[in-house]
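In what follows, a single structure is set out as structure tokens and then discussed.
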Amino acid sequence: MKFLLLLWFLSVCLRITAPEEPEVIGSHVPVTALVGQDVILQCQLEPPFDVHNLTVEWRFHKTIAHMYRSRGDDFDSQHERFRNRTVLFHDNMVTGDISLKLINVTEEDKGNYTCHVPNLQSQVRKAYITLNVVSKEENERRKDPDKSGAIAGIIVAVGVVGLVIAAIVVKRKRGRRRQQQQNNVDPPAEMMNMLQPASTP
């Protein structure tokens, strides 16, 4: 009985003291960037774990956005559209920070990214990050929705005023035409009197 109790106690102690497996953790909410800006796609090992000696892959769909292996960046594997546009923070990798900086974001960069540490001794080696890209025009509309609403209101008001003025002008022209037609059809009474022959006494 004492032996079983001792075994149980040792197993509990081992569980408590055993180091927790690091897991790759990405951003749980989509990242939004403006066209032309730089953006950081967050990816981290938890608990902190030095990844200097490991391989780190960043993929955009199936293409390689950035590759790190043999303690350095491997630009030969990188897709040409990401050439000179990605940075890993090497100094932060000692704490498991494998976030990727994407420079001069374009609308084509919008989509899903995968942060992967393939030879990590862990169950969770990948994390997924979604990047949304906003154009400058859309950003202006988002920042000041009242402005676009006010502009639309002004346009409608100008249109209504224009229609009212046009209706008044048309009505006046019609009134003048009627008056002229009446003048042509019904000559003045004085003219009629002049045309009638004078009555003899």
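Taken over segment 55-66, the criterion of being part of a strand (DSSP E or B), over 24 Å from GLU21 (Cβ atoms) and touching a strand residue (DSSP E or B) at 6+ places or on another chain (Cβ under 7 Å) is satisfied by PHE60, ILE64, ALA65, HIS66.
Considering only residues that are buried (at least 17 other Cβ atoms within 10 Å of the Cβ) and under 16 Å from PHE60 (Cβ atoms), which ones fall in segment 29-41? VAL31, ALA33, VAL39, LEU41 - these are the residues of segment 29-41 that are buried (at least 17 other Cβ atoms within 10 Å of the Cβ) and under 16 Å from PHE60 (Cβ atoms).
Within segment 77-92, being in contact with a strand residue (DSSP E or B) (Cβ under 8 Å, 6 or more places away or on another chain) and either at pLDDT below 95 or part of a helix (DSSP H, G or I) (or both) holds for SER77, ARG81, PHE82. Of all residue pairs spaced 6 or more apart or on separate chains, those with beta-carbon atoms under 8 Å, a first member in segment 30-43 that is within 22 Å of ALA127 (Cβ to Cβ) and a second member that is modelled with pLDDT under 95 and surrounded by 14 or more Cβ atoms within 10 Å (Cβ to Cβ) are LEU41/SER27; GLN42/SER27; CYS43/SER27.
The values are calculated or read from the model by the stated rules, or taken from the named source; none is laboratory data. All of these numbers come straight from a predicted model, not from anything done at the bench. Note that we place each Cβ from the backbone using ideal geometry, even for glycine, and neighbour counts take in every protein chain shown.
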